[in-house]
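Enquirer: Here it is, the structure, as structure tokens.
The values are calculated or read from the model by the stated rules, or taken from the named source; none is laboratory data. Source: prediction; values computed, not measured. Backbone-built Cβ (ideal geometry, glycine too); neighbour counts: all protein chains shown.
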Amino acid sequence: MQKSITGVKEEDPYNNALTQLALAAEELQMDPVYYQMLQFPMKEFITYIHVKLSNGEVKSFVGYRVQHNNARGPFKGGIRYHPAVDLNEVRALSMWMTWKTALVDIPFGGAKGGINVDPNSLKQEELEDLTRKFTDAIHNIIGPEIDIPAPDVGTNPQVMAWMMHEYSKLKGYNVPAVVTGKPIEIGGSEGRLEATGRGVAIVTREAAKLILKKDLKDVTVAVQGFGNVGSFTTKFLTDMGAKVVAISDITGGKYFKNGIQNFDDLYRDFQQYKGIGKLPYGDDITNEELLESEVDVLIPAAIENQITEHNAAKIQAKLVIEAANGPTTPMADKILEQRGIKVIPDILVNSGGVIVSYFEWVQNLEREHWELSEVNQKLENKLVKAFKDVYDYSQKKSLSYRMSALTLAVERVVNAMKLTGWR
Ligand code: GLU
């Protein structure tokens, strides 16, 4: 058993991803050859990285890059820095990227990378050294036409800047399109930093309208996690008028009876007190209490396996919006479905990040820089269309939103494999 930020990692994410694929294969009556191929990543790369710390000690880490499928375009997906990273987690996350890029119809496949490190335990120079060594190790298997990394849990634009520079040094020329999620000054896209959270808020707005038949202003929300995704989700939902009553991070949770009034004030205090749990106001709540709180919408925005067979019966929200990757296990899915709780799946909800990553890659290849308003409009169009596709398909086929999104995505990947003759 491995400890994770919010508790114990009790289920294997790769197993969960395989269960989802099996369900989609059954629904699609998929040709067994393609089903067989899709269960395995195309390539897996493991590297051991040794970093000399400033105190003279040497620390060793394991780095991974798993390339699941590239039938629809170059491999694409983030790099995670987290102590619980292991091969099966990265495998699962890479498969979910394949489905995500297919669902929102951008010309990429799926990949994921990671290092089993707590980035907060390292000094800035040590983190840079780790990142550059990892980039050296994977430089032959990444590239603008091969595989394009991006940020994920524990990584950020600064890490992407180091990766881009290290890769460019090895090539001998500047290659901005090798990673996305870069700082704007060196070829990052306007709007990329906040894109995932903006997307989550857009999907929540659409889901509230169509499924709850409610305007966002009449909706209460709990958000688990206050990293890049959780914090921007909270910001945009608050700006759009939703009542965000509960938030949490690794330091604990807070309940605000009247909802968050001013996000900027809250964020300033969060930085000053160094954690949501440490804020001097709001009612203290635990992670479990947040997940089981009485709200209209629950948004897990941390890591995998937060809603499991153990707590699914206690969830009180009417709608679960999966901002994290893999927060609900297949067993929990069943329980929620029986209880009439709708789940909007991760591959749709958090796709705003990779959508704007695609825009960043296009801008880099064309040597262009788009205005924020253009990026946001394009993001909105893509997401609203993907949401409608999933919603309509679920109505037509009487499928859950998860199954509807998965089957739509998997079918597109299989089609690309068939057209290009993968057997
Ligand atoms: N790590 C993000 C995700 O899970 C973004 C990936 C990307 O932009 O390539 O979707």
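Enquirer: Please verify whether the range 144-153 includes one or more residues that are more than 30 Å from Asp392 (Cα to Cα), more than 12 Å from the ligand (Cβ to nearest atom) and without any contact (Cβ under 8 Å) to a residue 12 or more places away in the chain.
Expert: There is no residue in the range 144-153 that is more than 30 Å from Asp392 (Cα to Cα), more than 12 Å from the ligand (Cβ to nearest atom) and without any contact (Cβ under 8 Å) to a residue 12 or more places away in the chain.
Enquirer: In the list Thr180, Thr220, Thr196, which residue meets the criterion of being within 16 Å of the ligand (Cβ to nearest atom), closer than 30 Å to Gly340 by Cα and touching a Gly at 6+ places or on another chain (Cβ under 8 Å)? Show your work before the answer.
Expert: Working: Thr180 fails: closer than 30 Å to Gly340 by Cα; Thr220 fails: within 16 Å of the ligand (Cβ to nearest atom).
The conditions single out Thr196.
Enquirer: Scan the range 372-386 and give yes if some residue there is closer than 27 Å to Leu193 by Cα, in contact (Cβ under 8 Å) with a residue 40 or more places away in the chain and touching a strand residue (DSSP E or B) at 6+ places or on another chain (Cβ under 9 Å), otherwise no.
Expert: No, the range 372-386 has no match at all.
Enquirer: Which numbered condition trips up Arg423, out of (1) under 30 Å from Glu288 (Cα atoms); (2) in contact (Cβ under 8 Å) with a residue 24 or more places away in the chain; (3) not in a helix (DSSP H, G or I)?
Expert: (1)
Enquirer: Within the range 44-83, which residues are in a loop (DSSP other than H, G, I, E, B) and away from the ligand (no atom under 16 Å from the Cβ)?
Expert: Leu53, Ser54, Asn55, Gly56, Glu57, Ala71, Pro83
Enquirer: May I pose another question? For the range 225-237, does any single residue satisfy the condition of being within 30 Å of Tyr167 (Cβ to Cβ), of a type in the set (Val, Ile, Thr), within 16 Å of the ligand (Cβ to nearest atom) and under 17 Å from the mean Cα position of the chain (by Cα)?
Expert: Taking every residue of the range 225-237 in turn, at least one turns out to be within 30 Å of Tyr167 (Cβ to Cβ), of a type in the set (Val, Ile, Thr), within 16 Å of the ligand (Cβ to nearest atom) and under 17 Å from the mean Cα position of the chain (by Cα).
Enquirer: For the range 84-96, which positions are hydrophobic (A, V, I, L, M, F, W, C) and away from the ligand (no atom under 14 Å from the Cβ)? Quick ask: steps written out before the conclusion?
Expert: At the first step, the residues of the range 84-96 found to be hydrophobic (A, V, I, L, M, F, W, C) are 84-85, 87, 90, 92-93, 95-96.
Ala84, Leu87 - these are the residues of the range 84-96 that are hydrophobic (A, V, I, L, M, F, W, C) and away from the ligand (no atom under 14 Å from the Cβ).
Enquirer: Across the range 175-217, what is the number of residues that are closer than 16 Å to Ile260 by Cβ, in contact (Cβ under 8 Å) with a residue 40 or more places away in the chain and either surrounded by fewer than 20 Cβ atoms within 10 Å (Cβ to Cβ) or in contact with an Asp or Glu (Cβ under 7 Å, 6 or more places away or on another chain) (or both)?
Expert: 0
Enquirer: Same structure again: Keeping to the range 240-279, report how many residues are of a type in the set (Asp, Glu) and either exposed (fewer than 13 other Cβ atoms within 10 Å of the Cβ) or modelled with pLDDT under 95 (or both).
Expert: In the first step, residues of the range 240-279 are kept if they are of a type in the set (Asp, Glu); the result is 249, 264-265, 269.
With either exposed (fewer than 13 other Cβ atoms within 10 Å of the Cβ) or modelled with pLDDT under 95 (or both) added as a condition, the list becomes 264-265.
Qualifying residue count, the range 240-279: 2.
Enquirer: Additional query: Just for the range 97-111: of the residues that are more than 10 Å from the ligand (Cβ to nearest atom) and part of a helix (DSSP H, G or I), which one is surrounded by the most Cβ atoms within 10 Å (Cβ to Cβ)?
Expert: That would be Thr98.
Enquirer: Give me the pairs: first residue in the range 20-38 and crowded, with 19+ Cβ neighbours inside 10 Å and at pLDDT 95 or above, second residue of a type in the set (Phe, Trp, Tyr) and part of a helix (DSSP H, G or I), beta-carbon distance under 7 Å, and six or more apart or on different chains, which are they?
Expert: What qualifies is Ala25/Tyr35.
Enquirer: Of the residues that make up the range 383-399, is at least one out of contact with any His (no Cβ under 9 Å at 6 or more places or on another chain) and under 21 Å from Pro74 (Cβ atoms)?
Expert: Within the range 383-399, the subset out of contact with any His (no Cβ under 9 Å at 6 or more places or on another chain) is 383-399.
From what's left, under 21 Å from Pro74 (Cβ atoms): 386.
Yes, some residue in the range 383-399 is out of contact with any His (no Cβ under 9 Å at 6 or more places or on another chain) and under 21 Å from Pro74 (Cβ atoms).
Enquirer: Yes or no: Leu170 over 26 Å from Pro107 (Cα atoms), away from the ligand (no atom under 16 Å from the Cβ) and surrounded by 23 or more Cβ atoms within 10 Å (Cβ to Cβ)?
Expert: Judged against the criteria, Leu170 is not a match.
Enquirer: Could you please tell me which pairs satisfy a Cβ distance under 8 Å, a separation of 6+ or placement on different chains, a first residue in the range 88-109 that is closer than 17 Å to Ala24 by Cα and among the charged types (D, E, K, R), and a second residue that is part of a loop (DSSP other than H, G, I, E, B) and modelled with pLDDT of 95 or more?
Expert: Lys100/Asn350; Lys100/Ser351
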